[in-house]
Amino acid sequence: MCKINMHVRYAMNKLQENMKLDNREIGIFISRDCIVTETYTGKTYKYRAYNYITRETKYLGYKKNAIEKENYINLLSKVAELHFYNTSYPEDGEELIDYIFTTVFTSFGFNIRKEQIELSKHMYRAMIEQSISLSDIAVGLGKTHAYIIASIVYHMNDKRKWHEPININKAIIISTSSKRLQKSIVKEYVPEISRMLLAHGIIEEKITAVIRKGRENYICDIRLENYVKSLPAHKKNPREYKTLKNLLESNQADLSNVTGIRNYDRERIKVIPKHCNSCPENKHCRYRNLQKEVNSPKYLFQVTNHNYMIADILKRAREGIPLLPNYKVAIYDEAHKLPDAYISMRTVALEKGGILELIKKVKPKNKKSRNAKLLINNCNEIIKVVNSLFNKVISNINEEMYSEEHKKYPITDIATLRQDLKQLKIYILQIVVLISDIKRKEQIGFEKLGDYIDIIINSDSILWVKKTTTSKQTTICAVSKDINEMLAQDLFKKNSSILMTSGTLAINGDFTYIKKEMGISNINKIREIHKISPFDYYQNTLLYQAKDLPYPDQKDDEYIEQVAQRIIDLIIASYGHVLVLFTSYESMSKVQRLLKNKSIKYPLFTLTKGHSSAIKDYRKSKNGVLLACGSIWEGVNFTGDLLSHLIIVKLPFLIPDPITDSQKSQSSSYEKFKEEILIPQMLTKLKQGYGRAIRTETDTAVISMLDKRANKEYRQVVRQALPDCKITYNIDDITRFIKKKKCHEYFL
């Protein structure tokens, strides 16, 4: 039996538009396309059912006393038997999707987008067929609404098919790489859609969604209690101390919802694996109670990030305890980031500090027993080998050949490294035997270390060294050369629907590159859909291309000086309101110094590593200039006139690293490698950067490209990848465009 739905306002308004009702008549509940009303005559309470779309009606009876809400279900059983009940809404899934977009959404002021409806139907069909959907969808088409509606309709029809009660279901997972999008889905998109569907009686209870994230984002009861006990109240900031004390009494589990404490405090009260894994079962543990709650069937949508999703998949593969509930659909939004997330999760890392810390935990302090002497000897030998092999690796890094942007450097003498690691493995196996079951946790640590060494020794691994400037940590990393095939095996072997969507999943409508990256080139059950932006780029954008600058070379001072001067000319031409995108922190730093010396009249901000305040300051400036690199190429939105001029300094070819080097070595020729890997990677990143300029239908902007290659050898592929717009080589045209498109306030 259906649940009681009290969202009656829309249905009553619809009835009153077309029928004359008793002014004492009030709506009490709806179900599908029918509403039940109650009229108090002064003596009795009369009840009537209407189909508020067809306006058919039936008198249900009267009562001396008003029917209590808990007894509405009896009325509903009568309504469900009426010939006009549930006759107005389509039963077919695709028709229902059409109805929701064209009738339900428009009743709340949404515009009809034909492409959005087609996308939602495409996704729905993929769910029905349990196939893989690849969708490349431009900004402005509303892909989030499309997959949420497809999911809800699929869920409704799936439950109807199997006659499942409302509290039994398998979840729908939405995985993204953006915290902002995760929060929007849970706090805005799903509640808004739920409210509209409830108002139309299409669903009987609200749709719910919950964010899932790693345990370090939550509070540990034991650590919180111990930390508060250790704090001297007279030395701690009173406000922070009070917040921490109040947390003891609350059931608050999510650290992101806690305000008034510093990051230092958060680090000391968060859940950490080494404590959590060995913690006894505790029914009062807020973190474990929360996990039980969020894994319950009450949440249809489980919203998470790519790393957490992959961690769940890998746990299931190892027959471990899953992080997420069982699911029937997996939706990967921002799916172009999935391969990198998978590589990160599958990368094996040997840290010098971590190995030495493990040795410290098992090395005895005295030599009383023979076992202790052997253990000390093995520990000392490991320390020698570790120090030696890391020194060799560091001394052979060619920092001139490889940029420090990604801190990834190839290992030049792999044979020596593997020989040293084989020796290290011998000592590790001896330690595993010597510590026996006395230190089981450390024994597991050494066994895991041995497994990592086996992977690094394997000839099918790609090896590199990662250097971290801040912590001065050096790490030896390895990942399988067959990482694409591994991704396909892990992510696509499950018998469920998989939807992958992004604004940059295809190159000019072609999904060849991303299918190769995900190892699914030979899979047959793939549905593809490509939708271009509805924005009028031809009228709202102007593309400026520089033809006369030198070939890009950040080591060339003359090139840097000319680029800096051209950026100044472009800033002046658009009256500020500029975002300058670099591909290198080194070149950004050089240009920034020159711009500061020129004293441009618009506020200048530089987004350096770890200093996100520059974005806030830029937003406040209204007409400033922001120099940026790295992650800002995607995921940061500046709507309106704040960003009216996007300058792309250099085509964003990815910085060479050991993984791309391995891909190059496996290609039959450099030309083929460039065509199949380098250019698609560059175009994907270029589209992401280009997308910063126009975020809404009313945005107007200039995009300036300073890399002369975009107008020469890569002219054709760049033009095909970008939206159709007017092109100029004259800076004066920028000023004319800005003056024509912007209002008076822009220039103040």
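The values are calculated or read from the model by the stated rules, or taken from the named source; none is laboratory data. These figures come from a predicted structure and were not determined experimentally. With ideal geometry, Cβ positions are generated from the backbone for all residues, glycine too; neighbour counts draw on all protein chains shown. Ligands, DNA and RNA are excluded from the accessible area calculation, which covers all protein heavy atoms including side chains. Shrake-Rupley method; radii C 1.70, N 1.55, O 1.52, S 1.80 Å.
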Straight-distance crosslink candidates among lysines, where the alpha carbon sits under 23 Å from Lys363 and sequence neighbours closer than 8 are dropped
Lys274, Lys352, Lys373, Lys384, Lys422, Lys425, Lys439, Lys441, Lys448
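Report in % the part of the accessible area of the chain that belongs to carbon and sulfur, leaving out ligands and nucleic acids; probe 1.4 Å.
Here carbon and sulfur together make up 49 percent of the probe-accessible area.
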Bins of 10 Å, starting at 0 and running to the largest distance - Cα pair percent for the stretch 577-669
14, 44, 24, 11, 6, 0
Of the cross-linked pairs Lys143/Lys206; Lys392/Lys467; Lys650/Lys674; Lys3/Lys78; Lys58/Lys206, which ones have a Cα-Cα span greater than 25 Å in the structure shown?
Lys58/Lys206
For the chain, whose charge dipole is built from +1 on Lys and Arg Cβ atoms and -1 on Asp and Glu Cβ atoms, the candidate among Ile355, Pro680, Ala209 with its Cα farthest towards the positive end is Ile355
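Please compute the net charge surrounding Leu374, taking Lys and Arg as +1 and Asp and Glu as -1 over other residues with Cβ under 12 Å from its Cβ.
Details: positive: Lys363, Lys367, Arg370, Lys373; negative: Glu381.
Counting the neighbours of Leu374, the net charge comes to +3.
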By the mean-Cβ-within-10 Å protection proxy, highest first, 480-488, 317-325, 627-635 rank as 627-635, 480-488, 317-325
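With the other protein chains left in place, how much accessible area per residue, in square angstrom, belongs to the chain at a 1.4 angstrom probe?
For the chain, the per-residue accessible area is 49 Å².
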I want to make sure I understand the PRE zone here: with the label point 7 angstrom from the Cα of Thr512 toward its beta carbon, which residues in the stretch 718-735 have backbone N atoms less than 13 Å away?
none
Mind listing the long-range amide H neighbours of Leu627? Cut-off is under 5 Å, sequence gap 5 or more, other chains count too, H placed in the peptide plane at 1.01 Å from N.
Val580, Phe605, Thr606, Leu607
Which angle from 0 to 90°, rounded to the nearest 10, does the C-alpha axis of helix 679-690 make with the longest principal axis of the chain?
60
Highest-first arrangement of 73-82, 257-266, 565-574, where packing means the average Cβ count within 10 Å:
565-574, 73-82, 257-266
Taking 0.36 nm per intervening residue step and subtracting the Cα-Cα distance, what contour gain separates Glu225 from Tyr59 on full extension?
53.5 nm
What's the whole-number percent of alpha carbon pairs in the stretch 5-81 lying beyond 14 angstrom?
57
Sequence-distant or interchain residues sharing an amide H contact under 5 Å with Gln473, placed H: which?
Thr468
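Taking 0.36 nm per residue of sequence separation and subtracting the Cα-Cα distance, how much length would be gained by fully extending the chain between Asn637 and Ser296, in nm to one decimal? Show your work: numbers first, answer last.
Details: separation 341, 0.36 × 341 = 122.76 nm, distance 3.44 nm.
Result for the pair: 119.3 nm of gain on full extension.
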I want to check the label-to-label distance for His530 and Thr87. Put each point 7 Å from Cα in the C-beta direction and report it in nm to one decimal.
4.7
So, how do all the Cα-to-Cα distances of the stretch 663-722 break down into 5 Å bins, in percent, from 0 on up?
4, 15, 21, 22, 15, 11, 5, 3, 2, 0
By how many degrees, 0 to 90 and rounded to 10, does the Cα axis of helix 557-573 deviate from the longest principal axis of the chain?
20
In nm, give the distance between the simple-model label positions of Ile67 and Thr608, each being 7 Å from the Cα along the Cα-to-Cβ direction.
7.1
Gained length - Asp733 relative to Ser388, 0.36 nm times residue gap less alpha-carbon distance:
118.0 nm
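Using the reciprocal of the averaged 1/r over all distinct C-alpha pairs, how large is the Kirkwood radius of the stretch 253-404 in Å?
On the way: mean 1/r = 0.0485 Å⁻¹.
That comes to 20.6 Å for the stretch 253-404.
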I'd like the FRET efficiency for Ser344 and Ile572, computed as 1/(1 + (r/R0)^6) with the beta carbon distance as r and R0 of 45 Å, rounded to 0.05.
0.60
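Using Cα-Cα distances under 8 Å and only pairs 6 or more residues apart, what relative contact order does the chain have, in percent?
On the way: 1165 pairs, mean separation 98.6, N = 748.
RCO, the chain: 13 percent.
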What percent of all Cα-Cα pairs in the stretch 442-537 falls into each 5 Å bin, going from 0 up to the bin containing the maximum distance?
2, 10, 13, 14, 13, 13, 12, 10, 7, 3, 1, 1, 0
Considering the values (1) 0.91; (2) 1.57; (3) 1.13, which represents Cα Rg over 2.2 N^0.38 Å as calculated for the structure under consideration?
(3)
Rounded to 10°, Cα long-axis angle of helix 414-435 versus longest principal axis of the chain:
70
Give me the net charge of Gln716's neighbourhood, meaning all other residues with Cβ under 13 Å from the Cβ of Gln716; Lys, Arg count +1, Asp, Glu -1.
+2
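Between Rg and the Kirkwood Rh of the stretch 596-748, both from Cα atoms, what is the Rg to Rh ratio?
Values: Rg = 17.7 Å, Rh = 17.5 Å.
Looking at the stretch 596-748, the ratio lands at 1.01.
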So how far apart, in nm, are the two label points at Asn217 and Arg719 if each is 7 Å from Cα heading toward Cβ?
4.5
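Report the net charge of residues surrounding Tyr342, where surrounding means a beta-carbon distance below 10 angstrom and charges are Lys +1, Arg +1, Asp -1, Glu -1.
Working: positive: Lys337, Arg346; negative: Asp340, Asp490, Glu517.
Local charge sum for Tyr342: -1.
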Say R0 is 41 Å: what FRET efficiency, to the nearest 0.05, do Lys3 and Asn263 get from their beta-carbon distance?
0.40
HN-Hα couplings for the stretch 5-13 via Karplus (6.51, -1.76, 1.60; θ = phi - 60°), in whole Hz with x for Gly/Pro, come out as 10, 8, 7, 9, 4, 4, 4, 5, 4
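If packing is taken as the average count of other Cβ atoms within 10 Å, what order do 516-527, 685-696, 204-215, 356-367 fall into, highest mean first?
Details: 516-527: 16.2, 685-696: 21.0, 204-215: 17.9, 356-367: 13.8.
Descending packing order for the listed peptides: 685-696, 204-215, 516-527, 356-367.
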